[in-house]
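Chemist: Take this structure, written in structure tokens, and hold onto it; I'll ask about it next.
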Amino acid sequence: MTDSAPSDFPKGTVWLVGAGPGDPELLTRKAERLLCEADIVFHDALVSQGILDLIPQSTAITSVGKRAGRHSAPQPLICDLIVKAAKQGRRVLRLKGGDPSIFGRSEEEITACQESGILVQVCAGVTTASAAAASLTASLTKRGLARRLTFVTAHTKGGVVPELDWASLADPQATIAVYMGKSSASHISRGLLDAGLAAETPVVLIENVSLPEEKRFVSDLELLPISAGTVLGDGPALILIGEAVGAALCSPAKLRRGNTRAQL
């Protein structure tokens, strides 16, 4: 790395960069530029190999990835690594799947940098729900069907099943995008059903969004636990719930009760 890098990435500073859902072509132009200017990159486990291949060979690359049930680096250690590298005068890039500000724990890393007097900036990325809607050629909002879009994470510290405001979430005129919800599918289904959302509410499960191995399945709210447990593999998955996605994607045959394996 030469000293000719633009002034927005001086030595001893940090960028938190959104890698998007996996497709390298969904990286922003800014994210790709910053990848080429960094001295060291700390990346998540969910960052695709196609994106990592864009990093110059001269750049140091460290995986600090975390996957549900397979944490390889605790968050305090990640913060310490970022701060230490910046204090060494390196241009530090923290590469996060999706968008850093949506369930990316960016606030902890931002705080660690700020408390150490290190300039930290954020480069937005395409969030998985947006990429899923684009891949499905669907809209997450629809006049008369979805007046609200809610992002929810079903993963909490220590793997504890989250207690959410089900009464607020169970809005028949909303689309719910559930991140990291595969292992909590039963809890999500029961919470929304108990709060009054209809059992036949359409559900679409998307695994490996935007990647060549992407898979999509159609189900309904009552059958969500069975669907998640039988059709999803080891890849990261997003669950979309709501009438808008059903109207856009699902034929009556795909949505008929009992069909837990309808693949788009």
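Chemist: Any idea which residue in the stretch 211-223 is nearest to the chain's Cα centre (by Cα), counting only those that are open to solvent by 20 Å² or more (accessible area, probe 1.4 Å) and among the acidic types (Asp, Glu)?
Modeler: The qualifying residue nearest to the chain's Cα centre (by Cα) is GLU214.
Chemist: So, one more: Need at least 1 residues that are of a type in the set (Asp, Glu) per element, so show me which strands (runs of 3 or more DSSP E) inside the stretch 145-248 make the cut, counting only ones lying wholly within it.
Modeler: Hits in the stretch 145-248: 202-207, 215-220.
Chemist: If the requirement is being hydroxyl-bearing (Ser, Thr, Tyr) and touching a Ser or Thr at 6+ places or on another chain (Cβ under 8 Å), which of these qualifies: SER63, SER58, SER106?
Modeler: Only one candidate passes the filter, namely SER63.
Chemist: Anything in the stretch 224-244 that is open to solvent by 30 Å² or more (accessible area, probe 1.4 Å) and under 23 Å from GLN173 (Cα atoms)? List them, or say none.
Modeler: Of everything in the stretch 224-244, those that are open to solvent by 30 Å² or more (accessible area, probe 1.4 Å) and under 23 Å from GLN173 (Cα atoms) turn out to be PRO225, GLU243.
Chemist: Considering only the stretch 182-198, I want to know if a residue exists there that is open to solvent by 20 Å² or more (accessible area, probe 1.4 Å), under 15 Å from the mean Cα position of the chain (by Cα) and modelled with pLDDT under 95.
Modeler: Checking the stretch 182-198: at least one residue is open to solvent by 20 Å² or more (accessible area, probe 1.4 Å), under 15 Å from the mean Cα position of the chain (by Cα) and modelled with pLDDT under 95.
Chemist: Filter the stretch 117-126 down to residues that are surrounded by fewer than 19 Cβ atoms within 10 Å (Cβ to Cβ) and aliphatic (A, V, I, L, M) and give me whichever is nearest to ILE102 (Cα to Cα).
Modeler: Once the filter is applied, the top-ranked residue is ALA124.
Chemist: With crowded, with 18+ Cβ neighbours inside 10 Å and touching a Phe, Trp or Tyr at 6+ places or on another chain (Cβ under 9 Å) as the only criterion, which of ALA112, ALA170, ALA146, ALA129 stands out?
Modeler: Step by step, each of ALA112, ALA170, ALA146, ALA129 is checked, and only ALA129 is crowded, with 18+ Cβ neighbours inside 10 Å and touching a Phe, Trp or Tyr at 6+ places or on another chain (Cβ under 9 Å).
Chemist: Residues of the stretch 194-223 being out of contact with any Pro (no Cβ under 9 Å at 6 or more places or on another chain), within 21 Å of ALA174 (Cα to Cα) and not charged (D, E, K, R), which ones?
Modeler: ALA195, ALA199, PRO202, VAL203, VAL204, LEU205, ILE206, PHE217, LEU223
Chemist: Looking at (1) closer than 18 Å to GLY22 by Cβ; (2) open to solvent by 20 Å² or more (accessible area, probe 1.4 Å), which is the one condition that is false for ASP80?
Modeler: (1)
Chemist: Being surrounded by fewer than 19 Cβ atoms within 10 Å (Cβ to Cβ) and small (Gly, Ala, Ser) is true for just one of GLY98, GLY89. Which residue is that?
Modeler: GLY89
The values are calculated or read from the model by the stated rules, or taken from the named source; none is laboratory data. Note that this is a predicted model, so its numbers are computed, not measured. In this analysis, Cβ positions are derived from the backbone assuming ideal geometry, glycine residues included, and neighbour counts consider all displayed protein chains. Accessible surface areas use protein heavy atoms only, side chains included; no ligands, DNA or RNA. Shrake-Rupley method; radii C 1.70, N 1.55, O 1.52, S 1.80 Å.
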